[in-house]
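A quick write-up on the structure given underneath.
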Amino acid sequence: MEGAADSDTPVPERSAADRAAALARLLHRDCTRLLELYKEREDFLSQHAPGGERLVTLALCPEAPSTAEQVGHVRSALRRCMELLECLIVREVEEMGEELQGEYESLRKTVKDRLGHLLHSTGALLENGEGGCPPSPPMQCIQGQDEVEASDSFAAKIWTYKVLLELIHWTDSASQTLHVFHTEKHGQQQQQQLL
Amino acid sequence: MQGWVTLALLLSLGAKRSLAQNGLGEPRGLTLNPDLPAQTLSLAWQSDSTLFDLEIFHTEFMNVVLNATVEVQADPVTGLHSWTWHSPLPLECTSHSVRIRARNQQSVSQWSPLQTIPGWDIPEKSYMFPEDKMIPVGSNMTFCCIVNEKEDFKEIKYGRQEMKATRLSRRSYAITVTNQPASDNTGTNVICSSQKFQILTGTVVFVGYPPGDEGLVCETRDLASAECSWKKGRDTHLRIKHSQTNYTLNGRDCLEANERKTWCSSKMWEENWTLEARNPLGTVQLTDSAQLTDRVHLLAPVNVAAVKVEAWSATLQWSWSVAAYKKLEMVCQLRLFAHELSSTRNYDGPGLSSVVLEGLWPDVDYTVTLRCGSKHSFWKWGDESAPYRIHTKMDRPDALDVWMWMDSSNTGHVFWKPLSVRKSHGALDGYEVSQSSAEEDGRNTVSLPPGNFSYPIILNNSSDVTVAVAARNPAGLSQPSTVTTPAYRADSQLSVSELLGTNGSFVLSWEPNVSASSGYVVEWFPTGCTGHCPIDWKKLPESDRSFTVNSDSLVAGVRYTVSVYSLSTGAPTLLQRWQGYSQEMIPSQSVSELSLNQTGSDVLLSWKATEMKQQRGFIRGYTIYLASAAHLDLIANITDPAVQSYRVKGLTLSSYKFVVKAYTSAGEDAGATVAIKMEMDTADMLFVGILVPLGIMFCCIILFSIFFYKKREWVKKAFYPEIPGPKVSGDWSSPRGPLDVKPSPHSLVHIVKNPEWDFTKEGLFPVPEEEEESENDNMEVDTDSDEPALLRYYNQVVGDGSHSNQVSDSSASSTASMGSTQTEITYAGIQSPSSSQGAYSGGGYRPQMQSVTGPAEPQIEFEADFQDDGLNAGYKPQCSWQLDSPEAENFSGSLGSPTSVTSSQFLIPESSEEKPQPSNTWFHNFLSGKS
């Protein structure tokens, strides 16, 4: 009987949240490493902190959202991060060509792929419509770059650094939010089983 | 004051008037036209003059950056004077002001009004100039940072290097970098930071090299188009896309070329080629020129295949992907790869597309590759075709090399050598051996598997047997090889010569033999080998007279029998035989059965030689050593190996170890050891063991007897001196006993309790009364007397050691004294021989009359006294101390004599003293000379 009861448990959903949280943690580590590699290339970033505004800010969601809404909120931010990362890759390939294939370039591609998976995973979690934020307006790749008061090449470097910071920030937020989301779901399922 | 002002105005007006009067008009219409990327400022003005003074300032601080006099002609069309100034500083860094005046030698016009181009330090933003410049390695450059109004400037860093900044204006700072090194992939960062270490602004400079490509070469692959390639030169260090090198070939863009691909193609062949490589830092041009036919680089042949494969040849065909090749006179190179059969062959012809490969070997796997080139004006080999595999067919094996070896008069083996790959022409299925004799009809044929290389032959009768052996493979049977049984010749029947190896080989030579119509055979095998012996042989043509058996087929240290046979139509005939070692070694085993046999003081060593297999060289002799603890002493070297015994003579009674070693030309073996302990014969033993000691003893007795007889007087004095009779001066007839001394009160012996004896003083020793009583019971002792107790004093020698002796020796006196009621004195003085010596030397108790002479008297005077004392009587009368006993104290001569229990003096029984006569024994008489 217990086995039958267990088989009725919606394990896949719980596992999906758990997997998404794990993927977000992994992605966070990747992004941190990607920034380290970028700092190795542009070592001035280790000594000086660029100022300026954040690239990804979301103010469209309610102030005290539910966890599901927070997941949706984070997902929107990640989607914006994805757009920024794609712009970054296009710009770097355009500038440097595809001849450079070091660890940075390899990890940059990995981050892009995993971020796509995370967006897909969180999208599947929110399929029932809970917590969805309104879609952001389409972004231009030059957004944020013109805010840096420097030469084009230097502004692009500062912008790249900021994009990587946003990636680190929002993947960390995603891992925490998804963990809470997973825990709440798990608790609800256990309560349902008890009832 | 007003007067001074008026004077100054007048002077000023006067000066102006003087200038105007010089005819030099002030330049008019000065215009400034900046080129910001080029950092140039173009000036244009109107004037009638051709010589001008120029001044350029940084406007805000009015720092003069240029003060020069230039000669500028007016443009004939426009009438304008133009002059361009290249600023070391980006013109955006700060505002620049310019003024100009005409000059004619020392006369100058008035300055034109200042014209200013504004810098970017006016708007409220941060900037850094120049932006993203590309410059050659080693350049000098000035960067400026325009700080935002609200920020505090801290520093400018070039890469990691902090630079010293100079202030251009209120908000503009500049650094100058000299001899800049090449940049990294993404350029060198120049950063302007605030006091809070925040980045205010920055720029990137790309420092690199102009293109360094070289070595342009153009060739054709299809006899129509061209492919040009070159070598990449020095790294430009310019990685960003718009700074990378672009190429044009004969003016046409070469889009396929980049940092890695250094080739470019052209659809048509042109005899002259120019490649231009350009990047933002420079351009390089490479040229090449050649006729098309001189630069033919053929493509690889395709569809290579073998259309006809035989055992010894194959026909190879291929085709060309370019139709124009069919008319080209070309040369092709075939490379054949096979195990030990690789070769390279060249073929030529117009449009070559097939060749016949001759000289192949049957049943061999070949891998063929093919490449071709233009025969005329050969440029280079074309691309190589893919490897193609050919396996040739099999063919019948070659004839075998056969030999027959007789190990007895009617038994032997026929041997044949295995066929190499080149000779077997295919995997062998086996061998066929057939034998025939003159007396028997027909042939007996036996098939043997491929692993057999010998076959036993038994001769049933005396006639020769001819054996034919053939190898068989799938292609057929080889030509049979025949051999006739040679006559058996044992070594004993021949004079076998000794053969010495030379560098591990045998060098043989023999006299020519007329019967050797078919040549000779040299045969060699390990001597003494039986059964399946490794027989080896070599067939030689009849012209040969010598042969060298190579060291490859010989083993060092093995004795070989080498024979030379002559071959003819009949049986082989033995011409000569040797035995020898290709290389001699030391014997692997020592001599065997080493034994020895003692004969008196001689020892006969005998041994047997080791077996031939262990000799590993001709035994040249034996060496015999006498082994001691550390080394071997050579005692004999027997150079005749037939001698296998040796007699060692004249050995004394001791243990010996002998080592016998056999030696070859390579050296000695380890040696065999035998040991012996030399023993005497029985008669010798009797003689030495009994008679000799007896004789010695007898001689000693005689010598002693003679000696003592000669020295009998001395001996008598030494051992048995005359004992003088007592000389009694008074009535001394009363029984002898201890002298009872009644000391007068004033002369009582002061008894010292200190048991230590002072050897330097004479002393008295009390003798217990009771003891004396017991011994002299006939003496009356007044025990009830009120007079002081009698003390008996015994003339003793007292020492402080050897108490135990004293206890036992003088127990009669000391123990008795302990129980005395009259004297509570315990005398534990112990007398010992050692202490006695000292006592005598120091002098013991002396009779009063003796005290006159004192201890200084010669000791010899006390000898008699000593001897008397040795008679064990207690106190002796004073008169008995006579000076006529001069030897009294000399008791050294008494050592070894019977001694009393109280001393080491001679102990002469009391009776003897009383009756000295019994001492007249035979020995005494002897000593006395009495019969």
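Key figures
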item: Which listed residue, of B:Cys145, B:Cys228, is within 30 Å of B:Val322 (Cα to Cα), out of contact with any helix residue (DSSP H, G or I) (no Cβ under 9 Å at 6 or more places or on another chain) and buried (at least 21 other Cβ atoms within 10 Å of the Cβ); result: B:Cys228
item: Test for B:Trp85: is it surrounded by fewer than 22 Cβ atoms within 10 Å (Cβ to Cβ) and away from chain A (no Cβ under 14 Å); result: yes
item: Index of the failed condition, B:Ser424 passing every other in (1) small (Gly, Ala, Ser); (2) crowded, with 19+ Cβ neighbours inside 10 Å; (3) more than 30 Å from B:Asp222 (Cβ to Cβ); (4) touching a strand residue (DSSP E or B) at 6+ places or on another chain (Cβ under 6 Å); result: (4)
item: Test: residue in the stretch B:587-596 that is within 28 Å of B:Ser553 (Cβ to Cβ) and surrounded by fewer than 18 Cβ atoms within 10 Å (Cβ to Cβ); result: yes
item: Residues located in the stretch B:326-383, provided they are crowded, with 20+ Cβ neighbours inside 10 Å, more than 19 Å from B:Ala311 (Cα to Cα) and touching a Ser or Thr at 6+ places or on another chain (Cβ under 8 Å); result: B:Leu328, B:Met330, B:Leu370, B:Ser374
item: Whichever residue in the stretch B:563-573 is over 13 Å from B:Trp537 (Cβ atoms) and part of a strand (DSSP E or B) and, among such residues, is farthest from the chain's Cα centre (by Cα); result: B:Thr573
item: Residue pairs meeting the criteria (Cβ under 6 Å; at least 6 apart or on separate chains; first over 16 Å from B:Ser172 (Cα atoms), in the stretch B:57-85; second hydroxyl-bearing (Ser, Thr, Tyr) and buried (at least 17 other Cβ atoms within 10 Å of the Cβ)); result: B:His81/B:Ser47
item: Search result, residues across the stretch B:146-189 that are at the interface with chain A (Cβ under 8 Å from one of its Cβ atoms) and of a type in the set (Val, Ile, Thr); result: B:Thr186
item: Residues of the stretch B:245-272 classified as in contact with a Cys (Cβ under 6 Å, 6 or more places away or on another chain) and among the small types (Gly, Ala, Ser), total; result: 1
item: Residue among B:Trp273, B:Trp269 that alone is assigned to a strand (DSSP E or B), over 28 Å from B:Thr186 (Cα atoms) and more than 14 Å from every other protein chain (Cβ to nearest Cβ); result: B:Trp273
item: Which listed residue, of B:Thr548, B:Thr530, is hydroxyl-bearing (Ser, Thr, Tyr) and closer than 25 Å to B:Pro456 by Cβ; result: B:Thr530
item: Identity of the residue in the stretch B:98-124, surrounded by 14 or more Cβ atoms within 10 Å (Cβ to Cβ) and of a type in the set (D, E, K, R), that ends up farthest from the other protein chains (Cβ to nearest Cβ); result: B:Arg103
item: B:Leu249 vs. criteria buried (at least 21 other Cβ atoms within 10 Å of the Cβ), more than 14 Å from chain A (Cβ to nearest Cβ), aliphatic (A, V, I, L, M) and over 60 Å from the mean Cα position of the chain (by Cα); result: yes
item: Residue match in the stretch B:21-41 (condition: in a helix (DSSP H, G or I) and surrounded by 14 or more Cβ atoms within 10 Å (Cβ to Cβ)); result: yes
item: Any hit, the stretch B:56-76, residues being crowded, with 21+ Cβ neighbours inside 10 Å, farther than 29 Å from B:Cys144 by Cα and not acidic (Asp, Glu); result: no
item: Of all residues in the stretch A:140-195 being within 14 Å of another protein chain (Cβ to nearest Cβ) and not in a helix (DSSP H, G or I), the one that is modelled with the lowest pLDDT; result: A:Val148
item: Within the stretch A:1-64, helices (runs of 4 or more DSSP H) holding 1 or more residues that are of a type in the set (Lys, Arg) and at pLDDT 90 or above; result: A:11-41
item: Number of the condition not met by B:Arg160 [criteria: (1) of a type in the set (D, E, K, R); (2) more than 20 Å from B:Pro37 (Cβ to Cβ); (3) in contact (Cβ under 8 Å) with a residue 40 or more places away in the chain]; result: (3)
item: All positions within the stretch B:327-344 that are more than 18 Å from B:His391 (Cβ to Cβ) and among the charged types (D, E, K, R); result: B:Lys327, B:Glu329
item: Hits in the stretch A:77-99 - residues which are modelled with pLDDT under 90 and either outside any helix (DSSP H, G or I) or touching a Gly at 6+ places or on another chain (Cβ under 9 Å) (or both); result: A:Gly97, A:Glu98, A:Glu99
item: Test: residue in the stretch B:194-214 that is away from chain A (no Cβ under 14 Å), more than 19 Å from B:Gly159 (Cβ to Cβ), of a type outside the set (Asp, Glu) and not in a loop (DSSP other than H, G, I, E, B); result: no
item: Residue in the stretch B:125-145 that is farthest from the other protein chains (Cβ to nearest Cβ), counting only those that are under 60 Å from the mean Cα position of the chain (by Cα), over 19 Å from A:Glu42 (Cβ atoms) and of a type outside the set (S, T, N, Q); result: B:Gly138
item: Matching option when the condition is in a strand (DSSP E or B), at negative phi and modelled with pLDDT of 95 or more, among B:Cys218, B:Cys264; result: B:Cys218
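Yes/no per residue for (1) among the aromatic types (Phe, Trp, Tyr); (2) part of a strand (DSSP E or B); (3) in contact with a strand residue (DSSP E or B) (Cβ under 7 Å, 6 or more places away or on another chain):
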position: B:Val414; (1), (2), (3): no, yes, yes
position: B:Leu419; (1), (2), (3): no, no, yes
position: B:Ser436; (1), (2), (3): no, yes, yes
position: B:Ser447; (1), (2), (3): no, yes, yes
position: B:Ser463; (1), (2), (3): no, no, yes
position: B:Val483; (1), (2), (3): no, yes, yes
position: B:Phe506; (1), (2), (3): yes, yes, yes
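For (1) away from chain B (no Cβ under 14 Å); (2) surrounded by 14 or more Cβ atoms within 10 Å (Cβ to Cβ), each residue gets a yes or a no:
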{"position": "A:Leu88", "(1), (2)": "no, yes"}
{"position": "A:Met96", "(1), (2)": "no, yes"}
{"position": "A:Leu107", "(1), (2)": "yes, yes"}
{"position": "A:Thr110", "(1), (2)": "yes, yes"}
{"position": "A:Leu119", "(1), (2)": "yes, yes"}
{"position": "A:Ala124", "(1), (2)": "yes, no"}
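The values are calculated or read from the model by the stated rules, or taken from the named source; none is laboratory data. The model shown is predicted, which means the values in this text are computed figures rather than measured ones. Glycine also receives a Cβ, built like all others from the backbone with ideal geometry; neighbour counts cover every protein chain displayed.
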